[in-house]
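First up is the structure itself, then whatever we jot down about it.
Each value in this text was obtained by applying a stated rule to the coordinates, not by laboratory testing. A quick note: this is a predicted structure, and the numbers were derived from the prediction, not measured. Glycine also receives a Cβ, built like all others from the backbone with ideal geometry; neighbour counts cover every protein chain displayed.
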Amino acid sequence: MLLCKGILIFLAYLISYYAYGLLFVRLFKIHSRSLTYVLLSGIFLYSTIFLAYVLGPKYMRVPLSRITLVWGVFWAVSVILLLWFFRKDSARVLRETGNFIRKNIGNSLLVAAFTVGQCVFNGLYGRWSSSNNPSQYVAYVPTAIFTNELGTTDPRTGLLRSAFDLKLFTQSMLDHSAVVSKLFKVHPLIEIRWVTPFFFFILGNLIVYLLAREMFAEKSKQWLFFAVYQAAVMLTADSYLTDSFYIYFRNYEGKNIMSALVIPILMYVFWKLYKDPWDRDALALGLITIIGSYAFSGSALFMTPVMELGLIPAVVSGKSFKRILYDAFLLLLPCAIYAVYYMGGIQFHYFNLPIR
């Protein structure tokens, strides 16, 4: 029964991210119809919408059961309507995906086999960690379900907080896990430490493969790049000082989205912008990725500006200096907005969010 519910949640995520990705492609007039692009833009658009929805009710201490009911209805209705209205776009995406797999059957099977292996390893061993962070990330969700409120109770002590934890307040990934666990009546660990990590593995591998395709024309070099990239991740996964450790052993935490998805996506975006600073598809993907990443971890505030150093080659080469600055400004804008919240509330304690 637990396995069936886990599969059901996985399929719900897959269909939802696909539907919202179709919405993103249509809204921003994206030329790309890649399944990878649709899924990646979909997950961050979906996460951004949920973040905007949950913050108000969370602060007002609306019961989790009511938050779940409202979101469950909106979630189901929106996905059905999106799939219906964009059925032609969906057919085109699926058709082009099928054609690509047929033309690249070898590489596609290799990537699929590697991904399955990662998921099996994660399911058997990758969930365990010696860190104390599970009390922060895993226990948050059962605590929310038990108290029927989001973020009001300290999961370590079981005591009511006087104010919300500002570092976790905007990380709606945890709130979403509570909503999904409540909605599907499943133990939170099934969603947190099985379904979500598996999705990160799949989407992370897809973006790395997409980057390889963008960098190399030869199929053999595409697979070689993918293999070397994954080997580097696996060989450094035994040290908690590396991002690889988060991917394999702490993949239930929001930080994993940074190393598994956001960094590879921005690598892809910067590569595209280096080749063509006017590439709207790449810029749009970068923007929605950065905005949506704050639903997973506030670490995006520090990581994104450093990642933008990837635009330096485009500046040095003299490729449309003003346009590159424009791209960099847009990509930094979400960080600047979040920095006001972070510096004002978390760093200098100018405000807090009292629990009334």
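Look at segment 44-94 and say how many of its residues are surrounded by 17 or more Cβ atoms within 10 Å (Cβ to Cβ) and outside any helix (DSSP H, G or I).
Looking only at that region, the number is 1.
Considering only residues that are of a type in the set (Phe, Trp, Tyr) and either outside any helix (DSSP H, G or I) or more than 19 Å from Ile49 (Cβ to Cβ) (or both), which ones fall in segment 165-198?
Of everything in segment 165-198, those that are of a type in the set (Phe, Trp, Tyr) and either outside any helix (DSSP H, G or I) or more than 19 Å from Ile49 (Cβ to Cβ) (or both) turn out to be Phe184, Trp194, Phe198.
Select from segment 202-245 the residues that are β-branched (Val, Ile, Thr) and within 24 Å of Met173 (Cβ to Cβ) and write down the one among them that is surrounded by the most Cβ atoms within 10 Å (Cβ to Cβ).
Ile207
Output the residues belonging to segment 166-192 that are surrounded by fewer than 21 Cβ atoms within 10 Å (Cβ to Cβ) and under 16 Å from Phe10 (Cα atoms).
Leu183, Phe184, Lys185, Val186, His187, Leu189, Ile190, listed by residue number.
For the condition of a type in the set (Val, Ile, Thr) and touching a helix residue (DSSP H, G or I) at 6+ places or on another chain (Cβ under 6 Å), what is the one hit in Ile49, Ile80, Ile9?
Within the list Ile49, Ile80, Ile9, the selection yields Ile9.
What are the residue pairs meeting all of these: first residue in segment 173-186, first residue of a type in the set (Gly, Ala, Ser), second residue surrounded by fewer than 24 Cβ atoms within 10 Å (Cβ to Cβ) and not in a helix (DSSP H, G or I), Cβ atoms under 9 Å, and 6 or more apart or on different chains?
Within 9 Å, the pairs are Ser181/His187.
Are any residues in segment 214-235 in a helix (DSSP H, G or I) and not hydrophobic (A, V, I, L, M, F, W, C), and if so, which ones?
Of everything in segment 214-235, those that are in a helix (DSSP H, G or I) and not hydrophobic (A, V, I, L, M, F, W, C) turn out to be Glu214, Lys219, Ser220, Lys221, Gln222, Tyr229, Gln230.
Residue-wise test of (1) under 20 Å from Ile257 (Cα atoms); (2) of a type in the set (D, E, K, R); (3) touching a strand residue (DSSP E or B) at 6+ places or on another chain (Cβ under 6 Å); (4) touching a residue at least 60 places away in the same chain (Cβ under 8 Å).
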residue: Ser16; (1), (2), (3), (4): yes, no, no, yes
residue: Ile30; (1), (2), (3), (4): no, no, no, yes
residue: Thr36; (1), (2), (3), (4): yes, no, no, yes
residue: Leu40; (1), (2), (3), (4): yes, no, no, yes
residue: Phe44; (1), (2), (3), (4): yes, no, no, yes
residue: Ala52; (1), (2), (3), (4): yes, no, no, no
residue: Phe74; (1), (2), (3), (4): no, no, no, no
